[in-house]
Structure formats: structure tokens, C-alpha cells
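Accompanying notes for the structure given below.
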Amino acid sequence: MNASVGSVDPGWDKTSSSLGRCVQAALGLPFDVTRELYAKAVHVGLLQGSMLASRDLERVLAALEQASLGPWARRV
């Protein structure tokens, strides 16, 4: 192995990147579940289907996700 001082093994870089994506997905799961439950409630008729209500829910969930997860929050 002729690795120079300060070089990073590419395997570790991929591992840390994968771990970051995994943590991000796991932390975002409650927000995804909320979106799914809302969609199912509209589908079965418990809530009235409305594009405006859907937009408002998405804005609130995106703001909550950003506020609670900070740098791990997903971005569009």
C-alpha cells in the first residue's frame, strides 16, 4: 500500500456517505408516515380531498422536518 499521508480510503468515503443517507431516511420516516396516512385518509373518504389542504400539510411537514432535523432534513 502506497497511500500518501492524509489520503482517505475511497471505501470509507462511500461508507460514510451511505450511513448519512441511511440516517437521513430513518429520521425522515415519521414525516413520510404522516404523509402516507393523510393520503390514505383522503382515499377512504375520512378527509375531503383538496389540493390546497394537501399543499398546506406538505408545507407544515416540510417546516417541521427542517426545524427538527436541521442538517439531516431532506431538501427538494
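A few points about this structure:
- Residues (free of Cβ contacts under 8 Å to residues at least 40 places away in the same chain, part of a helix (DSSP H, G or I) and in contact with a helix residue (DSSP H, G or I) (Cβ under 9 Å, 6 or more places away or on another chain)) located in segment 41-70: Val42, Ala53, Ser54, Leu57, Glu58, Leu61, Ala62, Leu64, Glu65, Ser68
- Check on Leu19, in a helix (DSSP H, G or I), modelled with pLDDT under 95 and either loosely packed, with under 11 Cβ neighbours inside 10 Å or touching a strand residue (DSSP E or B) at 6+ places or on another chain (Cβ under 9 Å) (or both): yes
- For Tyr38: the one exception among (1) over 29 Å from Leu19 (Cβ atoms); (2) touching a residue at least 12 places away in the same chain (Cβ under 8 Å); (3) in a loop (DSSP other than H, G, I, E, B); (4) not polar (S, T, N, Q): (3)
- When Trp72, Trp12 are screened for being modelled with pLDDT under 85 and in contact with a Leu (Cβ under 6 Å, 6 or more places away or on another chain), only Trp72 passes.
- In segment 16-27, the residues that are closer than 15 Å to Arg74 by Cβ reach residues that are surrounded by 11 or more Cβ atoms within 10 Å (Cβ to Cβ) with C-beta atoms within less than 6 angstrom, at least six apart or across chains, in these pairs: Gln24/Trp72; Leu27/Leu69; Leu27/Trp72.
The values are calculated or read from the model by the stated rules, or taken from the named source; none is laboratory data. None of these values were measured; they are calculated from a predicted model. Positions of Cβ are backbone-derived with ideal geometry, glycine not excepted, and every protein chain shown enters the neighbour counts.
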